[in-house]
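Below is one structure, written out as structure tokens; comments come after it.
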Amino acid sequence: MDFEFTEEQRIFREAIKNFAENEIGPLVEEAEETEVYPVEIIPKAGKLGFLCVRYPEKYGAAGTDKLTENIYIEELMRVCSGIGSGLLVQSSLGTSMILEHGTEEQKQEYLVPAIKGERISAFGLTEPNAGSDAASIQTTAVKDGDHYVINGRKIFITNGSIADYICVAAYTDKSKGSKGGVSILIVDKGTPGYSVTRKLKKVGNRSADTAELLFEDCRVPQDKLVGEEGKGFPYLIATLKSGRISYGGRCIGVARAALDASIRYAGERVQFGKPIKDFQVTKFKLARMAMEIEAARWLTYRASWLFDQGKDCMKEASMVKLYASEVAQRVTSEAMQIHGGYGYIMEYPVQRHWRDARLLTITEGTSEIQQIVIARELGV
Ligand SMILES: Cc1cc2nc3c(=O)[nH]c(=O)nc-3n(C[C@H](O)[C@H](O)[C@H](O)COP(=O)(O)OP(=O)(O)OC[C@H]3O[C@@H](n4cnc5c(N)ncnc54)[C@H](O)[C@@H]3O)c2cc1C
């Protein structure tokens with residue numbers, strides 16, 4: 001067992017840390033305030049090899065392993081969860097099924113430009129009446145000659161209003177149920193019948209773009225089908241497993257930002273004649289926050305390692321998502337407490353980490369759903 005980063009991982013971590021601090025950092029305030037995603041960051045990230053980092057070098061990506069991807073995600077999210085989320089959808093849900101199951105033509109048309117940051121991607125599964133129960137989606141894609149005709153509504157779609165294309169989950173054959181009846185189709189921006197109905201205002205992750213989309217008799221050629229017809233659900237489950245491990249880096253990044261801010265603040269804030277860090281209760285809070293982050297990090301690294309070895313890690317992936325997202329809740333909440341009244345004032349960044357963290361137990365499978373998966377894997 002080797003707990004050291006490789007030289008390559010150390011260099012990569014330093015490079016992404018610099019990029020996040022110097023290129024993303026200056027954009028955060030305005031993007032959070034205006035709730036407009038700074039799209040210019042996507043080609044910048046692509047040019048430097050900071051998109052889809054785990055994808056193969058033959059498509060222009062960095063070809064890292066899952067563990068290095070998590071190192072990358074942590075550094076990104078430490079600076080801004082909202083802007084980071086846009087980059088991560090581009091690097092996972094919006095592109096991964098094209099990588100795994102797409103044709104070579106689809107890879108050249110959609111994947112390669114996404115890796116370069118020249119085309120923005122999104123992924124649409126969730127609907128107004130179908131969230132955790134993804135099998136109950138109502139969107140359909142009916143074959144009509146050499147086209148599919150899509151009808152349905154998608155909600156909460158990250159990158160939804162800025163995407164150049166979206167991978168959409170729809171029933172191609174409802175009679176076969178979710179396991180054999182759902183397919184993934186690529187829909188280009190501008191396709192007649194595909195529209196953004198509204199942008200959604202959020203409690204946190206405000207710089208991320210989140211939209212509701214409508215498909216009304218939207219015709220897409222059959223060569224936009226990703227992989228085999230009816231295999232969408234199994235493809236999704238594999239994608240979500242990888243995504244749950246990535247939540248480790250996401251949650252640790254946000255929690256670390258809150259811990260760093262708290263250590264700084266506790267050293268500066270003087271009450272009763274001494275910095276509040278000198279009160280034992282504050283030291284104990286900071287110690288527990290650091291310990292929980294460390295525990296979440298090692299759970300994440302081990303699940304990443306299992307994933308890289310091609311070993312079964314469904315249970316571990318859900319454990320990472322469940323534990324790390326709850327650590328992020330506890331750490332950001334304690335960080336607010338350490339900041340006292342100033343924590344509640346928008347000028348201090350800790351409120352942003354607290355609001356951003358709140359999302360993490362909800363998206364890509366709620367904490368309740370992760371517990372159902374873990375229990376199922378335990379055979380109960
Ligand atoms: C900011 C944001 C960005 C998102 N980005 C995307 C995106 O890019 N693409 C996309 O497709 N989706 C996206 N989502 C959707 C997200 O994945 C869903 O919100 C999530 O899966 C939960 O679904 P829901 O909101 O419908 O909640 P529901 O499923 O309605 O759940 C409500 C509550 O009921 C609980 N619950 C549900 N079923 C059970 C059960 N069987 N047992 C116990 N408890 C249960 C849940 O845990 C939760 O507490 C995004 C959401 C948000 C808020």
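With both labels modelled 7 Å from their Cα along Cα-to-Cβ, the Lys274 to Thr366 distance reads 4.5 nm.
Diffusion of the chain by Stokes-Einstein, at 10 °C in a medium of 1.306 mPa s and with Rh set to the Kirkwood radius over alpha-carbon pairs, works out to 75 µm²/s.
Under 5 Å between amide hydrogens, built in the peptide plane, is the criterion, and for Thr158 it picks out Phe123, Ala211 among residues at least 5 positions away or on other chains.
Among Tyr265, Tyr247, Tyr37, a tally of other beta-carbon atoms within 10 Å of each Cβ gives an order, fewest to most, of Tyr265, Tyr37, Tyr247. Zone of Arg330 (label point 7 Å along Cα→Cβ, backbone N under 17 Å): which residues in region 252-280? Inside the label zone: 252-260. Shown for Arg250, Arg153: other C-beta atoms within 10 Å of each C-beta, ranked fewest to most, produce the order Arg153, Arg250. Counting only DSSP beta bridges whose two residues both lie in the chain, roughly 85 percent are antiparallel. Considering only GluC sites (Glu not before Pro) in DSSP loops that have at most 15 other Cβ atoms within 10 Å, the longest stretch of the chain without any of them is 229-346. Would you mind calculating the relative contact order of the chain from Cα pairs under 8 angstrom and at least 6 residues apart, reporting the percent as a whole number? Reported as a whole number, the value is 16 percent. Straightening the chain between Glu377 and Asp188 buys 64.2 nm, computed as 0.36 nm per residue apart minus the Cα-Cα spacing.
Modelled label positions at Tyr344 and Asp133, each set 7 Å beyond Cα in the direction of Cβ, lie 3.9 nm from each other. Extension gain, Glu105 to Thr34: 0.36 nm times the residue separation minus the Cα-Cα distance gives 21.8 nm. Between 0 and 90 degrees, the angle of helix 314-343 with respect to the longest Cα principal axis of the chain falls at about 50 degrees.
Throughout, read-outs are computed from the coordinates displayed, never taken from laboratory work. What you see is a predicted model, and the numbers here were worked out from it, not measured in a lab. Neighbour counts run over all protein chains shown; Cβ positions are idealised from the backbone, glycine included.
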